[in-house]
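Following: one structure in C-alpha cells, then a few remarks.
The values are calculated or read from the model by the stated rules, or taken from the named source; none is laboratory data. On a predicted model such as this, the values are computed, not experimentally measured, just so you know. For neighbour counting, all protein chains shown are included, and Cβ atoms are generated from backbone atoms with ideal geometry for every residue, glycine included. Note: accessible area is taken over every heavy atom of the protein model, side chains too, but ligands, DNA and RNA are not part of it. Shrake-Rupley method; radii C 1.70, N 1.55, O 1.52, S 1.80 Å.
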Amino acid sequence: LLEEACARAGQPLTLRRQDGYDHSYFFIATFIEDHLRWHATRLGGP
C-alpha cells in the first residue's frame, strides 16, 4: 500500500525488502546509519 500511495502522489520512495528479516534490532542496525544521514541532510547537517 505504501508503494501504491507514493506512486499515486509522485513521491519518490526507497523501499528495502529483506527476506527473512523483521523489525528487530539486527535488521534495523543494517541501515540505521543511512537513515540517520537522510534525516541529517534534511535538517541541515553534513
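Summary of computed values
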quantity: Percent accessible area from carbon and sulfur atoms, the chain, protein chains only, probe 1.4 Å; calculated: 57
quantity: Peptides 7-17, 30-40 ordered by average Cβ neighbours within 10 Å, highest first; calculated: 30-40, 7-17
quantity: Average accessible surface area per residue within region 1-43, 1.4 Å rolling probe, Å²; calculated: 98
quantity: For the chain: rounded, prolate or oblate by the Cα gyration tensor [a/c cutoff 1.5]; calculated: oblate
